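Just so it is clear, none of the values below were taken in a lab; they were calculated from the coordinates. Being a predicted model, the structure only gives us computed values, none of them experimental. Quick reminder, even Gly has a Cβ in these numbers, built from the backbone with ideal geometry, and neighbours come from all protein chains shown.
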Amino acid sequence: MAFGVLLYDRFETDPPGDEYASQSRALIKRVLSMPGAVSFMGYRSVSGSPNTISITEFKTLEDVQRAAASDELKAVFKAMEASGTKPTLLIMERSPLTPEPIKAPNA
């Protein structure tokens, strides 16, 4: 598995309005339609910047690299930038030291 990690600040009211929510769902759908995409999860910071991190899981490192270079993802970024958001993409893979999550002893 490999991951596309997107960092950005969301410049929308809290809670997000209907227009923002609708646009977000449409963009997520576009991302998940990319070859090799497996899942998407979004996280919001309780303070600080970036205030939003989203992680898209891909089957392979090659899949996420192809997605990162694709016109489709460039179009997603352009749509985000039109609302004042400046996304940063990190391509990540699991560390060989922790290929699986390490659980707390009492979990």
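Taking the Cα centre of the chain as origin, work out the dipole magnitude from +1 charges on Lys and Arg Cβ and -1 charges on Asp and Glu Cβ, in debye rounded to 20.
120
Top mean-square fluctuation among 22, 95, 83, Gaussian network model of the chain, C-alpha springs under 10 Å?
In the Gaussian network model the winner is 95.
Given points 7 Å out from each Cα along the Cα-Cβ axis, report the residue 1 to residue 40 separation in nanometres with one decimal.
Label-label distance for residue 1 and residue 40, simple model: 1.8 nm.
Would you list the membrane-span-like helices of the chain, meaning whole DSSP H runs whose alpha-carbon atoms span at least 15 Å along their axis and whose mean Kyte-Doolittle value is at least -1.0?
What comes out of the filter, once short or polar helices are dropped, is 18-32, 71-82.
Most fluctuating residue of 72, 19, 57 in a GNM of the chain with Cα springs under 10 Å: which is it?
19
Could you calculate the contour length gain from residue 91 to residue 79, that is, 0.36 nm times the residue separation minus the distance between their Cα atoms, to one decimal place in nm?
Separation in residues times 0.36 nm, less the Cα-Cα distance, equals 2.3 nm.
Taking the simple approach of a point 7 Å from Cα along Cα-to-Cβ for both residue 19 and residue 103, what is their distance in nm?
4.6
At 4 °C and 1.567 mPa s, what whole-number value in µm²/s does Stokes-Einstein give for the translational diffusion of the range 2-93, with Rh from the Kirkwood sum over Cα pairs?
Using the Kirkwood radius from Cα pairs, D works out to 97 µm²/s.
Lys pairs in the chain, Cα-Cα under 22 Å, at least 8 apart or on separate chains: how many?
Count of close lysine pairs: 7.
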